[in-house]
Amino acid sequence: MINILFAAGDDAWAQYKAPLRRAFEAAEVAADLHRDHAAIDTDYIILGPGGPVSDFTPYTRCKAVLNLWAGVEKIIKNETLTQPLCRMVDPSLTDAMVEWVVGHTLRHHLGMDAHIRGQDGIWRDDMYPPIAADRPVTILGMGALGAACGQALHQLGFPVTGWSRSPKNIPNIRCLHGDEGLNDALSDAQILILLLPLTVQTENTMNAARLALLAQGAFIINPGRGPLIDDAALLAGLDAGQIAHATLDVFRVEPLPQDHAFWAHPQITVTPHIAATTRPGTAAQVIAQNISGHETGAPLQHLVDRGRGY
Ligand code: NDP
Ligand code: OXD
């Protein structure tokens, strides 16, 4: 029997218990899934917010910690967590992110707000949105989520540039990398999408100098992490008209405080970290397959590299 400790909050347990048990059965993993395994008996930990484990030191037999979230910036600060850590790559989460990003991209591309908010009886037929082919989009972060969003936007006709840490060759996407590729990726981009993880290297990637590289009147869409953008520089860019609008799903402080300037800013759309959540049905299968593979000698999937921070 493989002892699997579910270390997340009560709501998550209610959502995940049945899908996980089904997925372990389907993957032929003889799993004893519980919330109260003793530390020394635990083989794997499924980890999520609100769980009871903060000191991983006693989990000496634990072969891996499988995170329910894609982002790991908070967990990797826990120095007691020395076991292999896997982040979440869930196909349904990816689908959700693609839908959210495409939706907000099209909102800005088509100028939908002018018509949704501006029904004043005046027939203005002198302005047409450009077609997608004339609207360059740049995505910072070409991982599981950035690459999938890039493909969907390419399908709609947008010229897509993607930027990552290491060199990549992804069909239909102009791939740039490293510090030397960043300015090129940002230059003249009309829509910028941030899907980087938060690390020491990526914090404040979008500072005043880099915001200034974007096309005049560019749109920013950030479902990555709040600190990827320098908030003060963003507000200054919006006030100067360099940035036309920012759609932000993630923030330095969450929930975003009620008195934060972003809530009332006419050129900022706040969404409350809902772009894409992990879905229990598919995530349970991902976890079960990862454990099943590991038990039969395959390397763990989606391993976090603590040196890189993601
Ligand atoms: P991945 O780890 O698959 O991809 C991360 C990408 O960022 C990679 O392409 C990586 O480059 C690149 N990257 C990392 N550091 C740097 C750097 N210093 N310079 C340039 N590129 C860098 O992550 P995911 O795509 O799965 O997720 C991305 C982020 O999305 C998560 O970390 C999380 O913060 C956020 N997220 C937000 C959600 C929401 O609801 N708002 C939901 C889920 C995730 P390389 O390929 O070379 O390694
Ligand atoms: C995640 C998120 O990292 O929801 O999974 O932001």
Please indicate, with yes or no, whether at least one residue in the range 15-30 is assigned to a loop (DSSP other than H, G, I, E, B), surrounded by 14 or more Cβ atoms within 10 Å (Cβ to Cβ) and out of contact with any Gly (no Cβ under 6 Å at 6 or more places or on another chain).
-> yes
Filter the range 59-86 down to residues that are more than 11 Å from ligand 2 (Cβ to nearest atom), part of a loop (DSSP other than H, G, I, E, B) and β-branched (Val, Ile, Thr), then give me how many there are.
-> 3
Quick one: would you say residue 274 is within 17 Å of the chain's Cα centre (by Cα) and crowded, with 22+ Cβ neighbours inside 10 Å?
-> no
Going by the conditions given, is residue 71 more than 16 Å from ligand 1 (Cβ to nearest atom) and either within 21 Å of the chain's Cα centre (by Cα) or not β-branched (Val, Ile, Thr) (or both)?
-> no
From the option list 246, 236, 218, single residue qualifying as over 22 Å from residue 181 (Cβ atoms), among the small types (Gly, Ala, Ser), assigned by TED's automatic domain parsing to the domain that holds residue 200 and within 23 Å of the chain's Cα centre (by Cα) is 246
Looking at the range 22-46, which of its residues are farther than 17 Å from residue 295 by Cβ and without any contact (Cβ under 8 Å) to a residue 40 or more places away in the chain?
-> 34, 35, 36, 38, 39, 40
Quick one: residue 163 ticks every box in (1) assigned to a loop (DSSP other than H, G, I, E, B); (2) within 11 Å of ligand 1 (Cβ to nearest atom); (3) aromatic (Phe, Trp, Tyr) except a single one, so which number is it?
-> (1)
Among residues of the range 31-58, those that are closer than 16 Å to residue 9 by Cβ and in a loop (DSSP other than H, G, I, E, B), counted | 9
Taking the range 87-121, which residues are more than 13 Å from ligand 2 (Cβ to nearest atom) and among the hydrophobic types (A, V, I, L, M, F, W, C)?
-> 98, 101, 102, 106, 110, 112, 114, 116
Quick one: which of 256, 303 is under 27 Å from residue 196 (Cβ atoms) and in contact with a Gly (Cβ under 9 Å, 6 or more places away or on another chain)?
-> 256
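Going through the range 204-221 one residue at a time, which ones are surrounded by fewer than 17 Cβ atoms within 10 Å (Cβ to Cβ) and assigned to a loop (DSSP other than H, G, I, E, B)?
Once the filter is applied, which keeps residues that are surrounded by fewer than 17 Cβ atoms within 10 Å (Cβ to Cβ) and assigned to a loop (DSSP other than H, G, I, E, B), the range 204-221 yields 204, 207, 212, 216, 217.
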When the residues of the range 238-280 are filtered to those that are of a type in the set (Val, Ile, Thr) and away from ligand 2 (no atom under 16 Å from the Cβ), which remaining residue is farthest from residue 101 (Cα to Cα)?
-> 243
Just name the residue that is surrounded by the most Cβ atoms within 10 Å (Cβ to Cβ) out of those in the range 178-197 that are within 10 Å of ligand 1 (Cβ to nearest atom) and under 19 Å from residue 251 (Cα atoms).
-> 195
Would you check if there is a residue in the range 222-237 being part of a helix (DSSP H, G or I) and at pLDDT below 95?
-> no
Quick one: is residue 171 of a type outside the set (S, T, N, Q), surrounded by fewer than 16 Cβ atoms within 10 Å (Cβ to Cβ) and either in contact (Cβ under 8 Å) with a residue 12 or more places away in the chain or not assigned by TED's automatic domain parsing to the domain that holds residue 72 (or both)?
-> yes
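The values are calculated or read from the model by the stated rules, or taken from the named source; none is laboratory data. What you are looking at is a predicted structure, and each value in this text was computed from that prediction instead of being measured. Note that each Cβ is placed from the backbone with ideal geometry, even for glycine, and that neighbours are counted across all protein chains shown.
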